[in-house]
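The values are calculated or read from the model by the stated rules, or taken from the named source; none is laboratory data. This structure is a prediction, so every number in the text was calculated from the model and none was measured. Neighbour counts are summed over all protein chains in view; Cβ atoms, including those assigned to glycine, are modelled from backbone coordinates with ideal geometry.
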């Protein structure tokens, strides 16, 4: 097992060997470390321009050296000794950083129950060789639920290395044991994603939009397989450029993560890679945004080969700019939200390799476009009109397709239950004349607020099913409180497509789930719309008649039936 890990990119082999040599320097069990070891660690940190962390057990053995902050280089759980609820792990961390212990480092100490965290501070202005340790700090855990750690005053290196650490650790463990303080209450469960949502209401968002967006994010997390255990909200004029929310709110989030056992924070907006890294360093757990949740759902839902390659392309394009500086995060196993899809083995490769993979996937998507284009040309030659069902996710498009065409498309009360477009033949017959009119009905992927640009690009082959249709049926879930916003979101996505059919029919679904008063008001506001219930088969005859009108086909009302 390698003794050096973390963000090794850009480190020369000679420097790496010097860092590895530190693990051969056995330290005294009753001291933090020797002066020579601290100075060597500091010198190498300055040389490679990265923080360094050394992990030492109570026998004085250097078991690991991590390139990165304490939060970024936490030990694997398998390497931490199993201890009781009131016992420390028997591991101490010595870190070289440019500042005193931050919250992210202290959270790492808490989660891994280190004996102590010693920080050797070299300010950025003094990182040129020869590096000089300006001051040091020593942090340890205390039996305080609100803030379960304490940090010493700044002290010179000479004082730090002369502390009798074994006696101090004995006293600290005794305090934890006698107080009945349970350290395991701060350990996040490992069975699944326990999610803390963070919503930011800015000046360009009203209260209703804000609440609707958070409610939808909760459903997205649920669909992705996570468990929402709490929500943190903040109102400010605009997002903080470095941490999205204000510093005080970051500390509140970090505290809730500790007390509620969250292992994932989801921000209800798109955030930059640097914002995600800054938040992770201060909060102590993974931070993802709304787009990553949607991509994760797509990765779970993709069934066909075409769907899988489009999802992989979207994920790689999204993650490529986020690879820089992730360090050991790149080696995490795909076992939670944001880690499914193309597989971490692809993400561990060099950026150039990933770019080549993206180029290959784009070529395959282009081939998929060409294949679907040929299929559409064949349909056009048969002169069978095509009608595409579009709408917000979970509006009932697949249910309507199943009811009207006896299809067997997967249906569930979930966001993005189906991804791949499904086309089925619908025959409408005139009983009096015996005239039969065939049309092709296509179920398309659902839309959502702020559909990620990466998905728009990767799914262009799928979305072309919309652009090449003869007419659209825009299905709306009338039972959803934000149905009006859903209409606007779908229209925004359609406007972003290169070309859409000039004719569209607005169809309000799930009318059986709303009050007669609401239904009457919406009927007055949208006199040209159709009102149906796919599950209860209400209004389907009227829907078929209006579809034929869109296509310029006339069959007398009351004389149509589903063939």
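Screening residue 530 against (1) touching a helix residue (DSSP H, G or I) at 6+ places or on another chain (Cβ under 6 Å); (2) at pLDDT below 95 leaves a single unmet condition, (2).
Of the residues 106, 138, the single one that is more than 28 Å from the chain's Cα centre (by Cα) and at negative phi is 138.
Checking the structure you have, find out if any residue of segment 125-140 is in a loop (DSSP other than H, G, I, E, B), modelled with pLDDT under 90 and touching a strand residue (DSSP E or B) at 6+ places or on another chain (Cβ under 9 Å). Yes, that holds for at least one residue. When 246, 230 are checked against the criterion of being in the same structural domain as residue 292 (by TED's automatic domain parsing), touching a helix residue (DSSP H, G or I) at 6+ places or on another chain (Cβ under 6 Å) and closer than 28 Å to residue 105 by Cβ, 230 stands alone in meeting it. For segment 50-65, the condition of being buried (at least 21 other Cβ atoms within 10 Å of the Cβ), in contact (Cβ under 8 Å) with a residue 60 or more places away in the chain and under 31 Å from the mean Cα position of the chain (by Cα) holds for at least one residue.
One residue stands out among those in segment 491-527 that are exposed (fewer than 12 other Cβ atoms within 10 Å of the Cβ) and in contact with a helix residue (DSSP H, G or I) (Cβ under 9 Å, 6 or more places away or on another chain): the one that is modelled with the lowest pLDDT, which is 499.
Considering (1) in contact (Cβ under 8 Å) with a residue 40 or more places away in the chain; (2) surrounded by fewer than 16 Cβ atoms within 10 Å (Cβ to Cβ); (3) farther than 24 Å from residue 449 by Cβ, the lone condition that residue 225 does not fulfil carries the number (3).
Test residue 262 against the criterion of being surrounded by 15 or more Cβ atoms within 10 Å (Cβ to Cβ), assigned to a loop (DSSP other than H, G, I, E, B), touching a strand residue (DSSP E or B) at 6+ places or on another chain (Cβ under 6 Å) and outside the structural domain of residue 482 (by TED's automatic domain parsing), and give yes or no. Spelling it out, residue 262 is indeed surrounded by 15 or more Cβ atoms within 10 Å (Cβ to Cβ), assigned to a loop (DSSP other than H, G, I, E, B), touching a strand residue (DSSP E or B) at 6+ places or on another chain (Cβ under 6 Å) and outside the structural domain of residue 482 (by TED's automatic domain parsing). When restricted to residues that are surrounded by fewer than 19 Cβ atoms within 10 Å (Cβ to Cβ), farther than 21 Å from residue 167 by Cα and in contact (Cβ under 8 Å) with a residue 40 or more places away in the chain, segment 26-42 contains 1. Please indicate, with yes or no, whether at least one residue in segment 538-561 is assigned to a loop (DSSP other than H, G, I, E, B), surrounded by 16 or more Cβ atoms within 10 Å (Cβ to Cβ), out of contact with any helix residue (DSSP H, G or I) (no Cβ under 6 Å at 6 or more places or on another chain) and at pLDDT 90 or above. Looking for residues that are assigned to a loop (DSSP other than H, G, I, E, B), surrounded by 16 or more Cβ atoms within 10 Å (Cβ to Cβ), out of contact with any helix residue (DSSP H, G or I) (no Cβ under 6 Å at 6 or more places or on another chain) and at pLDDT 90 or above, one finds at least one in segment 538-561, hence yes.
Across segment 260-276, a minimum of one residue is classified as more than 18 Å from the chain's Cα centre (by Cα), on the phi < 0 side of the Ramachandran plot and at pLDDT below 85. Of all residue pairs spaced 6 or more apart or on separate chains, those with beta-carbon atoms under 6 Å, a first member in segment 95-116 that is more than 23 Å from residue 49 (Cα to Cα) and a second member that is modelled with pLDDT under 90 and part of a helix (DSSP H, G or I) are 110/186; 113/183.
Quick one: in segment 146-164, which of the residues that are assigned to a strand (DSSP E or B) and in contact with a helix residue (DSSP H, G or I) (Cβ under 9 Å, 6 or more places away or on another chain) is modelled with the highest pLDDT?
151
Provide a single number: the residues in segment 232-256 that are in a strand (DSSP E or B) and crowded, with 16+ Cβ neighbours inside 10 Å. Number of matching residues: 4. Got at least one residue in segment 308-317 being crowded, with 19+ Cβ neighbours inside 10 Å, touching a residue at least 40 places away in the same chain (Cβ under 8 Å) and under 11 Å from the mean Cα position of the chain (by Cα)? Yes, there is a match, as at least one residue in segment 308-317 is crowded, with 19+ Cβ neighbours inside 10 Å, touching a residue at least 40 places away in the same chain (Cβ under 8 Å) and under 11 Å from the mean Cα position of the chain (by Cα).
How about segment 1-106: which strands (runs of 3 or more DSSP E) wholly inside it have at least 3 residues that are at pLDDT 90 or above?
52-57, 62-67, 91-97
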